[in-house]
Ligand code: SF4
């Protein structure tokens, strides 16, 4: 929504006057090869964890083959093609990225048989927080030294500001406190972020405090208000021509709505044209 209100409104806002908030977010096909690799890595990782949870060990060749098959299947499904060398390099990079993920400090205990209680989640599992369905499930939760560590995995670096990201990560704590079987007190949690930074995974801890948790709820409520406002705006102008466009032209490069968007021939010129229209109608 922050990256492009218009794209968000087309994807999520319905004309019935309600946001699609009670459903899982719609799954849209990947637009780029990198997007496809990222999703395939995530899906393969979930399978890997599900097997690890049942103590089924993946050999290195099995892991590699599983990922490669998943990439080939995903390419076939969306009818995407890239040069052979590009494809092979993408598979090698993704396989390396997944294998090194098992070695990071936060997750290594799950693969080295060290005693831990743990669980894994699909991010599409929502929780009701203050009447809002929130998709903020951690990727993994690990119980150690009397507290749960909620782990967020980022297979690519996100664009949101650091503070915005931190507050978003803290929604995992709200999510957990609203799940059966998890403690209701915030001091029972640690938050760890494991993020891919181009060549290696980097890990950091997010501070958890009452004040920061309040702020993260504030951010969530602010986002909900913005969504409601955009929803009304989209209903009032079904052409969507007056809705704000992307903040950065990079967003448009992989946008599926581009062929029908005023920004199809350039974001800056589309914004200028939009401003002129607003000035004329005022
Ligand atoms: S092409 Fe750009 S401005 Fe248009 S909807 Fe997509 S991201 Fe937004």
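Any read-out appearing in this document is the output of simple, stated calculations on the displayed coordinates, not a laboratory observation. Please read these numbers as outputs of a predicted model, since none were measured by experiment. When we count neighbours, we look across all protein chains shown, and the Cβ atoms used for this are built from the backbone with ideal geometry, even at glycine.
Of note:
- In terms of other Cβ atoms within 10 Å, 146, 222 run from fewest to most in the order 146, 222.
- Across region 117-219, Cα pairs under 8 Å and at least six residues apart give a relative contact order of 25 percent.
- Residue exposure sequence - 96, 271 - by fewest surrounding Cβ within 10 Å: 96, 271
- Based on the convex hull around the alpha carbon atoms, the chain presents an average projected area of 17.0 nm².
- Approximate spin-label separation residue 228-residue 163, in nm, with each point projected 7 Å along Cα-to-Cβ: 2.4
- Compactness of region 33-102 is given as radius of gyration and Dmax, 12.0, 38 Å, from Cα positions.
- Along each principal axis, Cα extent of region 237-282, largest first, Å: 33, 21, 15
- Counting only DSSP H runs of at least 4 residues, each contributing -39500 (n - 2.57), and dividing by the residue count of the chain, the helix-based mean residue ellipticity at 222 nm comes to -15500 deg cm²/dmol.
- Each principal axis of the Cα cloud of region 117-219 was taken in turn, and the coordinate range along them, longest first, works out to 37, 31, 25 Å.
- Relative contact order of the chain: 20 percent, from C-alpha pairs under 8 Å at least 6 residues apart in sequence.
- Note on region 177-269: Rg/Rh from C-alpha atoms, Kirkwood Rh, equals 1.12.
- Relative contact order computed over region 33-102 (Cα-Cα under 8 Å; 6+ residues apart), in percent: 45
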